[in-house]
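Working notes for the structure below.
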Amino acid sequence: MLLVMKFGGTSMGSAERIRVAARISREQHQRRPVVVVVSAMSKITDLLLDSLRKAEAGDQSDLDQNLKTLYARHFECCRELLPPARQEAALAGIHGLIGEFSRIAKGCLMLNDRPPRSIDEAVAIGERLSALMMAEYLESEGVPAAAVNGADVIATDAVFGNATPLMDATRERAAKILRPLLDQNILPVMTGFNGSTLDGRPTTLGRGGSDFSASIAAAALDASELWIWTDVDGIMTGDPRLVPDARVLDAVTYNEAAELAYNGAKVLHPRTLAPLVERHIPVWSKNSFAPEKPGTRIVPKIESTRGPHAVTSMADVALVSIEPANSVLSGTKVMARALGALARANVEVLAITSSSYRQNFCFLVRQSELERVTEYLEESLSLEFAHGYLKPVSVDCHVGLIAVVGEGMRGTPGLAGRIFTAISREKINIIAIAQGSSELTIAIVVHRDGLNRAVQAIHRECGLGVAN
Ligand code: ADP
Ligand code: ASP
Ligand code: MG
């Protein structure tokens, strides 16, 4: 029965948008128990992170400017949203939260430092501000509601900035914090994005992590559905900013949605589906700007799908190649050592290819992780480099990743050929290709200059813009 709904940054981006989100929440709350998970207002997380960077750099006046913007945006929204009788208390609440943020930022300013734990505590204040406003507004509309800090519900490990939930502890916390509210017919408005370690240190789940918070809450409470409200009509065959004729998909599988998200489709946080798989909880991706549209259903399995479903891309990636200088070393051992180093560096490998175990092998990582990658590789293969068994690690940052995704590609002959031909017709050079034996995704690395054109060419060649 329980429905968990998440509203993203644009869906919470102004008084007008919060009113719509609250209306949707109220409609559902009249029918069944609901938990709402909210993001910070659009661009607020960026502003908070920027403020902390300014603070670390000792840039007091820029920090003050940012704080002013932060106050102005939330005060203005609050005044527009709430009836006069409720404003004083809400404005005091906002003042208190921004005060908390500013104390942490001032601490960074004094120390010329930005400890990861303080970043996580500070940045989650964006979500706490929007949860406060949403709960106040719902109450003012006669819907009993309570703002809940996700840090009190979601238990995580201590990987600050990219924490992983501890599901058993989260279930216990959800039973203690959310269940009693639901039992009293109170609508919990929980912050997305944040959690805390078992000993109470604040963490966050990675950028875009409110989707993940919502799916963690849905799994912890055995919800019957999760609805993710965003600013597009659902999951599309391509990024609508890149592919003008991208089409909304009626349904995709968990696997397809996860592949799309991991390969750059921002519409979902990559780890959103993982907590739901075991309990088969269905997800809907819906547009809060057009709530009457059906959106995309994300389900464990879809009968009879044909060909690819969607194409996505990532630009901020780097291709790292390792090449033996001679045949003295065992290629397998070099690969094992390199992958071990990446695991220790906590780096995610986006794609990996090798044509033969004796030759060059290369893998794709995010540019933001490149420094850690080279540091760990050089450390764990230092002897091989020193003795000249391996050529120096080569890094190509002028590349992009394309992923063509679809369960229906399995066993479809000729598809890869058509995709590669479409790319070469655009005179774009393919640098590397990887396809897992599950045939769910074909990953293609191309020169960055050709990335967008290649995505468009594949979308066209596979007829993704045309409903089948
Ligand atoms: P929210 O703030 O609601 O979480 P996001 O900005 O994180 O929203 O994600 C929604 C955006 O994802 C859309 O506005 C769209 O530009 C982008 N996007 C990228 N790829 C896709 C895709 N395949 N389908 C739908 N949207 C996509
Ligand atoms: N506000 C956070 C971010 O911008 C989390 C989210 O919106 O999902 O990354
Ligand atoms: Mg998002």
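The values are calculated or read from the model by the stated rules, or taken from the named source; none is laboratory data. The structure presented is a predicted model; accordingly, all values stated were derived computationally and were not measured. Note: ideal-geometry Cβ built from the backbone for every residue, glycine included; neighbour counts use all protein chains shown.
Yes/no matrix, rows are residues, columns are (1) among the aromatic types (Phe, Trp, Tyr); (2) surrounded by fewer than 14 Cβ atoms within 10 Å (Cβ to Cβ); (3) under 21 Å from Glu369 (Cα atoms):
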| site | (1), (2), (3) |
| --- | --- |
| Arg306 | no, yes, no |
| Thr312 | no, no, yes |
| Val317 | no, no, yes |
| Ala325 | no, no, no |
| Thr332 | no, yes, no |
| Arg337 | no, no, yes |
| Ala341 | no, no, yes |
| Arg344 | no, yes, yes |
| Val349 | no, no, yes |
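Quick check on Asp239: is it in contact with a strand residue (DSSP E or B) (Cβ under 9 Å, 6 or more places away or on another chain) and of a type in the set (Asp, Glu)?
Values: in contact with a strand residue (DSSP E or B) (Cβ under 9 Å, 6 or more places away or on another chain): yes; of a type in the set (Asp, Glu): yes.
Yes.
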As an exercise: evaluate Glu141 against (1) surrounded by fewer than 24 Cβ atoms within 10 Å (Cβ to Cβ); (2) in contact with a helix residue (DSSP H, G or I) (Cβ under 6 Å, 6 or more places away or on another chain); (3) within 16 Å of Gln28 (Cα to Cα) and give the number of the one condition it does not meet.
(2)
Filter result (on the phi > 0 side of the Ramachandran plot and under 12 Å from the mean Cα position of the chain (by Cα)) within the range 186-215:
Phe193, Gly206, Gly208
Over the range 237-271, the set of residues of a type in the set (Lys, Arg) and either within 16 Å of ligand 2 (Cβ to nearest atom) or part of a strand (DSSP E or B) (or both) is Lys266, Arg271
What is the number of the single condition among (1) over 13 Å from Ala145 (Cβ atoms); (2) in contact with a Gly (Cβ under 9 Å, 6 or more places away or on another chain) that Arg26 does not meet?
(1)
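Where in the range 81-158 are the helices (runs of 4 or more DSSP H), entirely inside, with at least 3 residues that are in contact with a strand residue (DSSP E or B) (Cβ under 9 Å, 6 or more places away or on another chain)?
Correct list: 116-123, 125-140.
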Pair list, Cβ under 8 Å, 6 or more apart: the range 168-181 residue at negative phi and basic (Lys, Arg), other residue surrounded by 13 or more Cβ atoms within 10 Å (Cβ to Cβ) and not in a helix (DSSP H, G or I):
Arg173/Val153; Arg173/Ile154; Arg173/Ala155; Arg179/Leu221
Could we say that Ile154 is in contact (Cβ under 8 Å) with a residue 60 or more places away in the chain, closer than 22 Å to Ile186 by Cβ and of a type in the set (A, V, I, L, M) here?
yes
Can you confirm whether the range 225-236 contains a residue that is of a type in the set (Phe, Trp, Tyr), part of a helix (DSSP H, G or I), within 16 Å of ligand 2 (Cβ to nearest atom) and touching a residue at least 60 places away in the same chain (Cβ under 8 Å)?
no
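Specify the residue that is farthest from ligand 3 (Cβ to nearest atom); the eligible residues are those in the range 272-281 that are among the aliphatic types (A, V, I, L, M) and assigned to a loop (DSSP other than H, G, I, E, B). Give the steps one after another, and end with the answer.
Of the range 272-281, the ones among the aliphatic types (A, V, I, L, M) are 273-274, 276-277, 281.
Keeping just the survivors that are assigned to a loop (DSSP other than H, G, I, E, B) gives 273, 281.
Working: Leu273: 14, Ile281: 19 Å.
Result: Ile281.
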Filter the range 1-35 down to the residues that are farther than 19 Å from Ala219 by Cα and touching an Asp or Glu at 6+ places or on another chain (Cβ under 6 Å), then identify the one that is farthest from ligand 2 (Cβ to nearest atom).
Ala15
Test of understanding: among Glu56, Glu76, Glu121, which residue is at pLDDT 95 or above and surrounded by fewer than 14 Cβ atoms within 10 Å (Cβ to Cβ)?
Glu76
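Step by step: first the residues of the range 20-46, then only those that are away from ligand 3 (no atom under 16 Å from the Cβ) and within 25 Å of the chain's Cα centre (by Cα), then the one that is nearest to Thr272 (Cα to Cα). Which residue is that?
Only one residue fits best here, namely Val35.
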List every residue pair whose Cβ atoms sit under 6 Å apart, with the two residues 6 or more apart in sequence or on different chains, where the first one lies in the range 356-379 and is in contact (Cβ under 8 Å) with a residue 24 or more places away in the chain and the second, anywhere, is in a helix (DSSP H, G or I) and β-branched (Val, Ile, Thr).
Tyr357/Thr332; Val365/Val373
Among the residues that make up the range 189-209, is at least one of them in contact (Cβ under 8 Å) with a residue 40 or more places away in the chain, out of contact with any helix residue (DSSP H, G or I) (no Cβ under 7 Å at 6 or more places or on another chain), within 16 Å of ligand 3 (Cβ to nearest atom) and closer than 25 Å to Tyr137 by Cβ?
yes
Which of the residues spanning the range 386-418 are among the hydrophobic types (A, V, I, L, M, F, W, C) and in contact (Cβ under 8 Å) with a residue 60 or more places away in the chain?
Leu390, Val393, Val395, Cys397, Val399, Leu401, Ile402, Ala403, Val404, Val405, Met409, Leu415
If I ask for residues that are over 22 Å from Gln367 (Cα atoms) and under 25 Å from the mean Cα position of the chain (by Cα), which ones from the range 436-455 would you list?
Gly436, Ser438, Glu439, Leu440
Phe212 is checked against (1) away from ligand 2 (no atom under 16 Å from the Cβ); (2) in a helix (DSSP H, G or I) and fails just one. What number does that condition carry?
(1)
Only listed residue being hydrophobic (A, V, I, L, M, F, W, C), at pLDDT below 95 and closer than 20 Å to Met335 by Cβ, chosen from Leu390, Leu364, Leu415, Leu370
Leu390
